[in-house]
Amino acid sequence: MGAALGPDFPGDIALAVSGGGDSMAMLTLAHNWAHRWGVRLWVVTVDHGLRPEAADEARMVASECALLGHPHATLRWHREGAGNLMEAARNARLSLIDRWRGGLGHVLMAHTRDDVAETFLMRLARGSGVDGLSAMAATRRIEGASDKSPLPEQDRDGALPPGGADTDAEGFTLVRPCLDMGREELRHYLRTLKGRWVDDPSNDDPGFDRVRIRRSLRHLAEVGLTAETLSATAHRMTRAREALRLRAREAWQRMGTEGAGAGGARTGDLLFARELFEDLDRDTAMRLLAAALQYVASAIHRPRAEALENLLDRLLGGGGGTLHGCEARMERDALRIFRELKSVDQHRAVVGAPGLWDSRWRIFHPDFNGMEVRALGEDGWRQLPDRPAVAPPHHAARSLPAIWDGAALVACDALDVGPGQTATLCPMSGRVDGFDRFLLSH
């Protein structure tokens, strides 16, 4: 905890505790640590509703917290839609905790060395590169949930942490203090202290990739591929990833610029000097292209490696293509990455309403309150009185945010329509300022 948060610990910290051996051991360790440092613990359990036993497990955690003297809450998830169950459950867990945590800025989770090793093998099986094979970080910034509404009473039992002026609306820090500990070490600790925990039967279900990987580790250990060895390799990959990020950032500083139009208004595009980009080593070019697509689309995840490779080949051949809600095009002197019109042409907003247009533009001007915000499109391009000397080309301009009074275009900053300063770019929903910083943080 000192390495992750010290030397000035927050006064209150949350713990996500499922009732399994890892998280119950973390709770016991945290209990023995926190009282010496004057830190108050708030414990939360998320009942995903996927197993009938989950409610009893949450009650067991609540009972243990009562014995230890820590406030506890149970949060319930109601799944909607289809798709990857594990990913949906993971995202829901983080979102529910974010809506519950009030002013708490740190949440502990009990990922272990075994989790690092299992994740390494799962990603290796998918053909991941350095980034995918890197170890999970001891601390990780979690962006705030889009849904900030209070949790309904029927979906929450127990303590609600304090909010107030110190509430961090932009997210929290996930802390993993057990990454250097093995799963069996933690269970041995609990057995010695006669602590309680439950074993989730889904941890033995071969229908899940992680369970099959976990079983294979027992055999791999016989030839020296232990969890310790794999975890150590993942941490070495982390060091390599950081070095590659720095190299990509240096390349960006040599050849890249963020797009601008009339009066210096930002366009949200990214441009790379063509000749310099074409001379890059492939790994750096891939890294820059992936980051640029993620940044321009304000997307949580990077594009898939195979699709990225194909797009890079087309670009180096002088062409272009669409991917991840963006379009990439080799112009005469530059590679331009910009928002694909198809991805934004149905987006609508109202001037003065809260929120961001296309997840990255804050639109406001007192003279235009109540008017519609939508992409410039072909209609807006045709209405331009004159095209400014410094302006994005037609293919990139069409996806710019514009203010409309019915069918009439009244404002588009980058094309010098209207009073200016109506659109403020908030990259990655305002979480980073500039592609330079984004390269190091993602």
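Tabulated results
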item	result
Subset tally (residues that are in contact with a His (Cβ under 8 Å, 6 or more places away or on another chain), exposed (fewer than 15 other Cβ atoms within 10 Å of the Cβ) and closer than 25 Å to GLY195 by Cα) for segment 59-100	1
Qualifying strands (runs of 3 or more DSSP E) (wholly inside segment 302-383; at least 1 residues being open to solvent by less than 70 Å² (accessible area, probe 1.4 Å) and of a type in the set (D, E, K, R))	326-330, 334-339, 372-375
Selection from segment 35-56 of residues that are at pLDDT 95 or above and over 22 Å from LEU104 (Cα atoms)	none
Flag for LEU124 being open to solvent by 30 Å² or more (accessible area, probe 1.4 Å), of a type in the set (A, V, I, L, M, F, W, C), over 26 Å from ALA3 (Cα atoms) and out of contact with any strand residue (DSSP E or B) (no Cβ under 7 Å at 6 or more places or on another chain)	yes
Some residue of segment 203-223 being acidic (Asp, Glu) and not in a helix (DSSP H, G or I)	yes
Helices (runs of 4 or more DSSP H) (entirely within segment 61-147) containing at least 1 residues that are among the aromatic types (Phe, Trp, Tyr) and without any contact (Cβ under 8 Å) to a residue 12 or more places away in the chain	none
Cross-chain or 6+ apart pairs with Cβ under 7 Å, segment 205-222 first and more than 16 Å from ARG183 (Cβ to Cβ), then among the aromatic types (Phe, Trp, Tyr) and in a helix (DSSP H, G or I)	none
Verdict on GLY49 being under 19 Å from LEU186 (Cα atoms) and either outside any helix (DSSP H, G or I) or not polar (S, T, N, Q) (or both)	no
Single unsatisfied condition, ASP56 versus (1) open to solvent by less than 20 Å² (accessible area, probe 1.4 Å); (2) part of a helix (DSSP H, G or I); (3) closer than 24 Å to LYS194 by Cα	(1)
Scan of segment 271-289 for residues that are in contact with a Leu (Cβ under 9 Å, 6 or more places away or on another chain) and under 16 Å from LEU246 (Cβ atoms), ordered by number	LEU280, ASP283, THR284, ALA285, MET286, ARG287, LEU288
Test for LEU186: is it at pLDDT 90 or above and out of contact with any His (no Cβ under 9 Å at 6 or more places or on another chain)	yes
Cβ pairs under 9 Å, 6+ apart, first in segment 272-290 and loosely packed, with under 14 Cβ neighbours inside 10 Å, second outside any helix (DSSP H, G or I) and not acidic (Asp, Glu)	ASP283/GLY129
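Yes or no, residue by residue, for (1) modelled with pLDDT of 95 or more; (2) closer than 26 Å to HIS106 by Cα; (3) open to solvent by 70 Å² or more (accessible area, probe 1.4 Å); (4) among the β-branched types (Val, Ile, Thr):
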position	(1), (2), (3), (4)
ASP147	no, yes, no, no
LEU160	no, yes, yes, no
PHE172	no, yes, no, no
TRP197	no, yes, no, no
SER202	no, no, no, no
PRO206	no, no, no, no
ALA221	no, no, no, no
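The values are calculated or read from the model by the stated rules, or taken from the named source; none is laboratory data. Fair warning: this is a prediction, and the values are worked out from it, not measured in the lab. Cβ sites come from the backbone with ideal geometry, for glycine too, and all protein chains shown count toward neighbours. These area figures cover heavy atoms from the full protein model, side chains too; ligands, DNA and RNA do not enter into them. Shrake-Rupley method; radii C 1.70, N 1.55, O 1.52, S 1.80 Å.
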